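S.K.: Got a structure for you, written out below as structure tokens; questions coming shortly.
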Ligand code: UDP
């Protein structure tokens with residue numbers, strides 16, 4: 001498809017991780033549905049994860065395509081084929097991967113010079129895209145993959161450093177200047193915040209924050225009604241402009257689109273739907289911990305025992321490392337057979353949005369990744385919150401304390417690695433699931449969650465807050481485009 005001369009052309013360059021690529025692909029589709037030429041840039045092994053979705057979008061008449069760029073695995077000291085953050089298996093590998101993202105500068109510059117797009121929407125871990133965009137005189141919008149609350153919290157932590165003024169890792173402190181009183185402890189913070197001096201990521205994070213502050217603005221997969229105070233705080237206190245245009249998962253209307261997001265599913269959408277259709281409304285707990293989190297055998301066993309002891313029906317998505325997969329060593333004898341009918345175990349990638357949207361789902365046990373949190377909000381289901389790493393402890397605060405639609409499982413310490421996590425015991429898991437599904441408190445949470453789910457859907461409808469934001473962003477970009485022509 002040739003670009004019309006007056007057609008706005010946006011480049012989308014997501015960090016190669018499912019939690020970044022999935023929402024940014026949805027955003028690109030939304031741009032394209034509004035007449036924008038959208039070009040997604042990714043690497044050869046990541047492109048096929050989205051090619052069917054993009055093909056379907058093109059068949060609907062959208063001007064959207066993918067350009068691929070080699071991942072410099074060898075130069076970065078990564079094994080061949082390690083093109084996605086989800087394929088890294090150690091902290092060292094993750095750090096190498098993040099450093100390797102700097103190596104994309106030269107090829108991206110070349111693409112931009114060839115294509116002359118009108119704006120660049122780039123993942124937060126590509127801070128250098130600010131300079132590349134400035135060279136070409138086009139705006140760079142940053143996409144961090146999170147909501148605004150954690151971003152506002154990071155800014156406060158960086159400025160006031162309350163975590164350095166407490167005596168121990170477990171003593172609580174208040175994050176200064178935020179719209180709500182949010183208490184955290186040092187053990188819930190990521191390593192690079194906890195220990196700035198020693199951490200190899202510190203310089204990169206500083207670079208990322210510098211790039212955020214010099215970007216044209218931020219584009220956010222969130223909606224005004226879910227965090228209104230943080231939309232205002234980001235603008236007035238952090239001092240930057242943000243366009244919240246989500247929940248972007250809502251652009252997936254039919255089952256095929258909902259099921260095929262980011263990876264081949266290992267359990268067909270029909271099998272899932274048949275199973276869910278046989279259940280009563282709001283009677284099933286969906287348990288999934290995102291795309292990056294693996295649990296130890298000890299933790300998987302505690303979850304299995306909690307599920308066996310509870311009366312709940314469930315879908316449990318288990319991501320296993322190769323060792324466990326071979327041995328299934330954590331699985332109690334006869335577990336799957338015993339719970340057949342009551343529970344479904346999906347070993348691999350599940351069609352999450354399709355499942356969450358089904359009326360049989362009554363609750364979600366989540367690691368509080370931002371996409372999952374927002375997908376839970378959008379589906380109108382209350383959640384058991386089980387944060388593990390990244391900014392997930394902040395998202396737990398939003399779900400539990402601010403929105404009041406979450407029951408904490410009791411996770412206390414941030415950790416990127418499975419082996420350093422203290423398992424949550426079966427009693428605590430069972431207690432949280434019961435609180436989620438049974439009793440008057442559960443009913444109240446469920447009705448609050450349902451109300452929020454309605455607001456989420458209204459936000460993206462014509463005239464809703466996110467729809468208005470997207471319209472005004474595109475107007476602004478078109479104005480800039482015509483001024484520069
Ligand atoms: N997801 C999915 N199936 C799975 C696991 C994850 O569709 O089996 C999707 C999920 O719907 C979400 C994304 O992968 O859109 C995970 O992003 P999130 O921010 O929740 O967590 P992360 O994986 O980045 O920790």
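The values are calculated or read from the model by the stated rules, or taken from the named source; none is laboratory data. Computed from a prediction, not measured in an experiment: that's the story for all the values here. Cβ atoms come from the backbone with ideal geometry, glycine included; neighbour counts cover every protein chain shown.
S.K.: Scan the stretch 18-47 for residues that are away from the ligand (no atom under 16 Å from the Cβ), under 16 Å from residue 67 (Cα atoms) and part of a helix (DSSP H, G or I) and jot them down.
M.R.: Passing the criteria: only 32.
S.K.: Checking residue 234 against (1) over 18 Å from residue 139 (Cβ atoms); (2) not in a loop (DSSP other than H, G, I, E, B), only one condition comes out false. Which one?
M.R.: Answer for residue 234: the failing condition is (1).
S.K.: Could you list, in sequence order, the residues of the stretch 151-176 that are under 23 Å from the mean Cα position of the chain (by Cα) and either part of a strand (DSSP E or B) or surrounded by fewer than 15 Cβ atoms within 10 Å (Cβ to Cβ) (or both)?
M.R.: 158
S.K.: Looking at 396, 375, can you tell me which residue is in contact with a helix residue (DSSP H, G or I) (Cβ under 9 Å, 6 or more places away or on another chain), in a helix (DSSP H, G or I), crowded, with 23+ Cβ neighbours inside 10 Å and free of Cβ contacts under 8 Å to residues at least 60 places away in the same chain?
M.R.: Residue meeting the stated conditions: 396.
S.K.: Go through the stretch 400-437 residue by residue and tally those that are in a loop (DSSP other than H, G, I, E, B), buried (at least 18 other Cβ atoms within 10 Å of the Cβ) and free of Cβ contacts under 8 Å to residues at least 60 places away in the same chain.
M.R.: Matching residues across the stretch 400-437 total 3.
S.K.: May I pose another question? If you check 435, 462, which single one turns out to be touching a strand residue (DSSP E or B) at 6+ places or on another chain (Cβ under 8 Å), at negative phi and modelled with pLDDT of 95 or more?
M.R.: One residue alone meets the criteria, 435.
S.K.: Restricting attention to helices (runs of 4 or more DSSP H) lying wholly within the stretch 53-144, give those where 3 or more residues are touching a strand residue (DSSP E or B) at 6+ places or on another chain (Cβ under 9 Å).
M.R.: In the stretch 53-144, the matching helices (runs of 4 or more DSSP H) lie at 105-115, 129-136.
S.K.: Could I ask something else about it? If you take the residues in the stretch 374-422 that are on the phi > 0 side of the Ramachandran plot and under 18 Å from the mean Cα position of the chain (by Cα), which one is nearest to the ligand (Cβ to nearest atom)?
M.R.: Looking at the filtered set, the residue picked out is 390.
S.K.: Are any residues in the stretch 48-67 within 16 Å of the ligand (Cβ to nearest atom) and closer than 23 Å to residue 133 by Cα, and if so, which ones?
M.R.: none
S.K.: Another question about this same structure. Which condition from (1) within 16 Å of the ligand (Cβ to nearest atom); (2) farther than 22 Å from residue 340 by Cβ is the one that residue 213 breaks?
M.R.: Just one mismatch for residue 213, condition (1).
S.K.: Now a separate question. Give the residues of the stretch 340-349 that are surrounded by fewer than 18 Cβ atoms within 10 Å (Cβ to Cβ) and away from the ligand (no atom under 13 Å from the Cβ), sorted by residue number.
M.R.: 340, 341, 342
S.K.: Output the residues belonging to the stretch 263-322 that are out of contact with any helix residue (DSSP H, G or I) (no Cβ under 9 Å at 6 or more places or on another chain), assigned to a loop (DSSP other than H, G, I, E, B) and more than 16 Å from the ligand (Cβ to nearest atom).
M.R.: 278, 279, 280, 281
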